[in-house]
Amino acid sequence: MSKYLLPCLLLGALAWGQAASTKPAPNQNSGAATSPAPQAAGQQSPAAANPAPEPPKVALDAAVITITGMCDHPSANKSADATCKTVITRAEFEKVIDAVQPSMPPRSRRSFADRYARTLVMAHKAEEMGLDKSANYDERMRLARIQVLSQELGRALQEKAAQISDKDIEDYYRANQPKFEQAELERVYIPKAEQPMSFETDKKAGETADEEDRERDKRDKAQTEQAMKDEADKLRARAAGGEDFAKLQTEAFTAAGIKAGTPNVDMGKTRRVTLPATQVSVMDMKPGEISGVIADQNGYFIYKLKSKSVMTLDQARDEIKGTLRSQRLQDENSAVQQSATPALDETYFGPEMQRGPMPGMPMPPQPAKPTPPGPK
């Protein structure tokens, strides 16, 4: 069956996950479906007292897929073809699963096995028709081999990058203490301008804005932005005087003409990675300190640092492991790409365009961009 394996691998790699989940088989000992009766406190449920039996064990050499009417060496007697069979054992089928998706859940394997068997039948028929002797067959198989090898390299690099020792984690933790600081912060957000009114509200239906209107709009915008900056400065002075941040936030939205609910000023435990680059400096404040007015494209911000702590090594372990794995995978991919330099003829291909990842080369995960704060 090895000559049929590649077409099915390509099919399975793309399509097995689309299979619908199969419903569990009903309990053979149960009768008609009924609503479960209430049980007394502390009483063990029937399901817990009588757990469902495990599926029967199947020997590795036992047939799990049988395709009647298909075999590699059919008899010259056509009437005997009906008894011709191709048998796939459990060991052979699980070898296919390991090559395609080792973590495939058991509930998906039946659907995949059905696709696998049907694809074998189609491949067998294609060989009977001589399609494996067509002009582009060998070239397509060569390209498929390149793709599989590229994917295997990607998998090997991922496994190599995942080999991270406890010492690696501890060294990274000690060398990057600021990354694991977490602070209890309060924040006031002041919009950069008052809530804009729809331009059409000052215009009659069908009338368009002329140059004078646009210039007036620019002047009004500059004036309102300056007014909100002055408001931010006033609120910052009041915050430094000890006024409640929730009250200041409400007044900030009132000054901006925003009637929607105000955002929560309590940010909880916050880390540098979750803050925009323009505001990350607040992590360097001392407990009780109030920041200056921080300008951002979205508005103005005032922070108060209530307390600060550092994550323990155990708390940061999984994160560090993921970071190191991502960094090492990126380094390995870069080393592969730099080991050889392709050159394309621009007369034939045209000018260079943005280069994407090679097939099978997973791109390192990108850090999540912080969500701009604003009214909820």
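Here are a few things to note about the model shown:
- Per-region count, region 266-289, residues loosely packed, with under 13 Cβ neighbours inside 10 Å and either in contact with a Ser or Thr (Cβ under 7 Å, 6 or more places away or on another chain) or of a type in the set (Gly, Ala, Ser) (or both): 4
- Region 290-322, residues that are within 30 Å of the chain's Cα centre (by Cα), outside any strand (DSSP E or B) and surrounded by 14 or more Cβ atoms within 10 Å (Cβ to Cβ): ASN298, MET311, LEU313, ALA316, ARG317, GLU319, ILE320, LYS321
- Restricting GLU225, GLU186 to those that are at pLDDT below 90, of a type outside the set (Gly, Ala, Ser) and either surrounded by 11 or more Cβ atoms within 10 Å (Cβ to Cβ) or not assigned by TED's automatic domain parsing to the domain that holds VAL280 (or both) reduces the list to GLU225.
Each row is one residue, and each column tells you yes or no for (1) without any contact (Cβ under 8 Å) to a residue 40 or more places away in the chain; (2) closer than 30 Å to LYS167 by Cβ; (3) charged (D, E, K, R).
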| position | (1), (2), (3) |
| --- | --- |
| MET228 | no, no, no |
| ARG238 | yes, no, yes |
| VAL265 | no, no, no |
| LYS269 | no, yes, yes |
| ALA277 | yes, no, no |
| ASP284 | yes, yes, yes |
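- Cβ pairs under 8 Å, 6+ apart, first in region 143-170 and closer than 30 Å to THR312 by Cα, second of a type in the set (Gly, Ala, Ser) and assigned to a helix (DSSP H, G or I): ALA161/SER326
- Residue in region 251-263 that is surrounded by fewer than 19 Cβ atoms within 10 Å (Cβ to Cβ), out of contact with any Ser or Thr (no Cβ under 9 Å at 6 or more places or on another chain), farther than 20 Å from PRO191 by Cβ and among the acidic types (Asp, Glu) present: no
Residue-by-condition table, conditions (1) assigned to a helix (DSSP H, G or I); (2) surrounded by fewer than 18 Cβ atoms within 10 Å (Cβ to Cβ); (3) at pLDDT 95 or above; (4) touching a Ser or Thr at 6+ places or on another chain (Cβ under 9 Å):
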site: ALA99; (1), (2), (3), (4): yes, yes, no, no
site: PRO102; (1), (2), (3), (4): no, yes, no, no
site: ARG107; (1), (2), (3), (4): yes, yes, no, yes
site: PHE112; (1), (2), (3), (4): yes, no, yes, no
site: ARG115; (1), (2), (3), (4): yes, yes, yes, no
site: ARG118; (1), (2), (3), (4): yes, yes, yes, no
site: HIS124; (1), (2), (3), (4): yes, no, no, yes
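- Pairs where the first residue, in region 330-341, is within 14 Å of LEU153 (Cβ to Cβ) and the second is not in a helix (DSSP H, G or I), C-beta under 7 Å, 6+ apart: ASN333/MET361
- Region 137-175, residues that are over 30 Å from MET311 (Cβ atoms) and among the aliphatic types (A, V, I, L, M): MET141, LEU143, ALA144, ILE146, VAL148, LEU149, LEU153, ALA156
- Residue ID - modelled with the lowest pLDDT, chosen from residues in region 320-376 that are acidic (Asp, Glu) and over 29 Å from SER165 (Cα atoms): GLU352
The values are calculated or read from the model by the stated rules, or taken from the named source; none is laboratory data. Remember, it's a predicted structure, so these values are computed and weren't measured experimentally. Heads up, the Cβs are rebuilt from the backbone with ideal geometry, glycines too, and the neighbour counts pull from every protein chain shown.
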